[in-house]
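Asks: Here it is, the structure, as structure tokens.
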Amino acid sequence: MYAEYLKNQGVTDNDELTAAEHIDVLTYGRIVDFDKLTDLQKGIIKRVHDELTLFDTENADMINSYLSNYSINGVSMSFGNSWNLLCVNGIAVPTRIYSLLKMTGLCYAGI
């Protein structure tokens, strides 16, 4: 798994490890041996990891909120699938980042 790979590389930052765990969920645990992936897959996964770490860090309060809808004084906000944000297997991920990760071929849910 990618999170285990990063731990073995000496990564201790909790935000980075959480993003790696999210990548493991989004790829259905298919990153068994990171070193055996193609250079293209490695590059995409590293880029997705960096961007997902930043996204998760900047939006932690909203992501961890139990609310799916909020409204006050005529202004409302929804959290869930939209044109720029997906919830895939319980992981909130921007559509652009998920589309990039799908290019690795590791996100197919089929058997």
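The values are calculated or read from the model by the stated rules, or taken from the named source; none is laboratory data. Model, not experiment: these values are computed from the prediction. For neighbour counting, all protein chains shown are included, and Cβ atoms are generated from backbone atoms with ideal geometry for every residue, glycine included. All accessible areas refer to the heavy atoms of the entire protein, side chains included, with ligands and DNA or RNA removed. Shrake-Rupley method; radii C 1.70, N 1.55, O 1.52, S 1.80 Å.
Asks: Cβ-Cβ distance below 9 Å, separation of 6 or more or different chains: which pairs start in segment 1-24 with a residue that is farther than 15 Å from T57 by Cβ and end on one that is assigned to a helix (DSSP H, G or I) and open to solvent by 50 Å² or more (accessible area, probe 1.4 Å)?
Replies: Sorted first by the residue in segment 1-24, then by its partner, the pairs are M1/E21; Y2/E21; A3/E21; Y5/D35; L6/E16; D24/E4.
Asks: Can you go through Y28, Y98 and tell me which one is at pLDDT 85 or above and assigned to a loop (DSSP other than H, G, I, E, B)? First the steps, then the outcome.
Replies: Details: Y98 fails: assigned to a loop (DSSP other than H, G, I, E, B).
Only one candidate qualifies: Y28.
Asks: Now a separate question. Can you report the number of residues in segment 19-28 which are touching a Leu at 6+ places or on another chain (Cβ under 9 Å) and buried (at least 16 other Cβ atoms within 10 Å of the Cβ)?
Replies: At the first step, the residues of segment 19-28 found to be touching a Leu at 6+ places or on another chain (Cβ under 9 Å) are 19-20, 22-23, 26-28.
From what's left, buried (at least 16 other Cβ atoms within 10 Å of the Cβ): 19-20, 22-23, 26-27.
Of the residues in that region, 6 qualify.
Asks: When the residues of segment 78-95 are filtered to those that are farther than 19 Å from D61 by Cβ and at pLDDT below 85, which remaining residue is least open to solvent (accessible area, probe 1.4 Å)?
Replies: N81
Asks: Any residue that is open to solvent by 90 Å² or more (accessible area, probe 1.4 Å), in contact with a Ser or Thr (Cβ under 9 Å, 6 or more places away or on another chain) and under 13 Å from L101 (Cβ atoms) - is there at least one of those in segment 40-51? Break it down stepwise before answering.
Replies: Restricting attention to segment 40-51, the residues satisfying the condition of being open to solvent by 90 Å² or more (accessible area, probe 1.4 Å) are 40, 46-47, 50.
Next, from what is left, pick out any that are in contact with a Ser or Thr (Cβ under 9 Å, 6 or more places away or on another chain): 40.
After this cut, where a residue has to be under 13 Å from L101 (Cβ atoms) as well, the list is 40.
Within segment 40-51, one or more residues are open to solvent by 90 Å² or more (accessible area, probe 1.4 Å), in contact with a Ser or Thr (Cβ under 9 Å, 6 or more places away or on another chain) and under 13 Å from L101 (Cβ atoms).
Asks: Report every pair of residues separated by at least 6 positions or lying on different chains whose Cβ atoms are under 6 Å apart, first residue within segment 32-49 and within 11 Å of L106 (Cβ to Cβ), second open to solvent by 100 Å² or more (accessible area, probe 1.4 Å) and part of a loop (DSSP other than H, G, I, E, B).
Replies: I44/M103
Asks: Quick test of your reading of the structure: L67 fulfils all but one of (1) at negative phi; (2) modelled with pLDDT of 90 or more. Name the failing condition by number.
Replies: (2)
Asks: Something else: From the residues in segment 1-14 that are open to solvent by 70 Å² or more (accessible area, probe 1.4 Å) and not in a loop (DSSP other than H, G, I, E, B), which one is farthest from D33 (Cα to Cα)?
Replies: Step by step, filter segment 1-14, then rank; the result is N14.
Asks: Considering each residue of segment 29-39, count those that are of a type in the set (V, I, T) and open to solvent by 70 Å² or more (accessible area, probe 1.4 Å), and give that number.
Replies: Quick first cut of segment 29-39, residues of a type in the set (V, I, T) only: 31-32, 38.
The next check asks that each one be open to solvent by 70 Å² or more (accessible area, probe 1.4 Å); those that pass are 32, 38.
Matching residues across segment 29-39 total 2.
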